[in-house]
1. Work out Dmax and Rg for the stretch 103-174 from the C-alpha atoms and quote the Rg first, both in angstrom.
2. Between helix 95-104 and the chain, what is the angle of the helix's C-alpha long axis to the longest principal axis, kept within 0 to 90° and rounded to the nearest 10?
3. Tell me which aspartates and glutamates have Cα within less than 14 Å of Lys148's Cα, excluding those fewer than 8 residues away on the same chain?
4. When only DSSP loop residues count, what GluC sites (Glu not before Pro) in the stretch 79-133 have their Cβ near at most 15 other Cβ atoms within 10 Å?
5. Here are some pairs, Lys136/Lys209; Lys38/Lys326; Lys38/Lys247; Lys146/Lys199; Lys68/Lys298; which of them have Cα atoms lying more than 29 Å apart in this structure?
6. How would you rank 176-182, 71-77, 118-124, highest first, on the average number of other Cβ atoms within 10 Å across their residues?
7. For the chain, give the share of DSSP beta bridges that are antiparallel, in percent and rounded to the nearest 5; count only bridges with both residues there.
8. Over 31 Å, how big is the tail of the calculated P(r) for the chain, in percent of all Cα pairs?
Amino acid sequence: MQNNKQIKLIKTVTIAVDLMGGDDSPDMRLDTVLAMLKSQITIHLRVFVSQSYLNTISHRVSTLDDKKITFIACGRSVAMAESPFSALRQKRESSLSLAIKDVADKRADVCVTAGNTGAMVALSKHWLNLLYEIEKPVLATLLPGKPKRALLLDVGATIDARADDLYNFARIGCAWQQALYGINNPEISLLNVGMESNKGDDTVKQADKMLRESDLNYIGFCEGSHLFNGFADVICCNGFVGNITLKSCEAMASFVKNESDDPLKSTLWQKIKKGMRIVDPDKYNGALLLGLDGMVIKSHGDCNTLSFGAALLQAYNMAQYPMITKMTELLENS
């Protein structure tokens, strides 16, 4: 059984929020931010918005305590379909870019955005520094499971990862599990189409060889059926596989939840829900961009109030602990 250390709430946390990123109007995200402001005492929110949107909400925010929330007007915003190259070249003064820069400048402890994933990764690499011997940041999410929870990475930052990328994802995931939860010698696995050594493409086979020859606690390949049963502490794959895997699992969880909540459905759905121990995916929203010297959390673009609130709460809790410092020490000594 995994023995997770409790995170002690020790300080006021400053969160930089890119309010303009997301599929829908920022109104819902604003409501969530204001609710977070009321629910947490030791918090300061720095909210990055477009000047035009700030003008429309001035009547709502003018009376707020500026010691707890600050609105920063930005000249531009990054569209969800915009290319990372365009965002990096032309949108460095956007709400997304300046929210990430806030972390780099130590004005904020963590950044939260529901915006363009590719642009977020590109701008994060621009403003923040890579950790020791890490070449690419990785998006990671902690999956619900028993007897322990697996950290799945990558879920969208590097679509076509190389073998050495997968090896470094394992190093990052191992350092994260050690730094945050104090797990000694985390078990690492590669997500594959089978557990046999002859399965998978050349990239996965090369990564398998690299991990077997390393000092990491690598236990071999795993399959999709192992994601929620405590098979490993860290499960690695490329961003293409990880993103589809994560969204498919979330869609299935939502389907079962919706069916079981329907009063016209038979009690069979209730039994299925209980047996599967389905957890509302909205409550676990928020992928961590790891491998950089600052924390950035990516919320789903189509988030609702509950899911965006979950991403903000995750940011608040993560920032209570010196995770980046500890991860840096672990990577340098690995």
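1. Expressed in Å, the Cα Rg and Dmax of the stretch 103-174 come to 13.4, 39.
2. 70 degrees
3. Answer for Lys148, where 14 Å is the Cα cut-off: Glu187, Asp233, listed by chain and number.
4. Those that pass, being in a loop and sparsely packed, are Glu93, Glu133.
5. The pairs that break the limit, which is 29 Å between Cα atoms, are Lys38/Lys326; Lys38/Lys247.
6. Highest to lowest by the protection proxy: 118-124, 176-182, 71-77.
7. In the chain, approximately 25 percent of DSSP beta bridges are antiparallel ones.
8. Every Cα pair in the chain considered, those over 31 Å come to 33 percent.
Every read-out reported here was derived from the displayed coordinates using simple, explicitly stated rules and does not represent laboratory data. Given the structure is predicted, the values throughout are model-derived calculations rather than measurements. We place every Cβ from the backbone using ideal geometry, glycine too, and count neighbours over all the protein chains shown.
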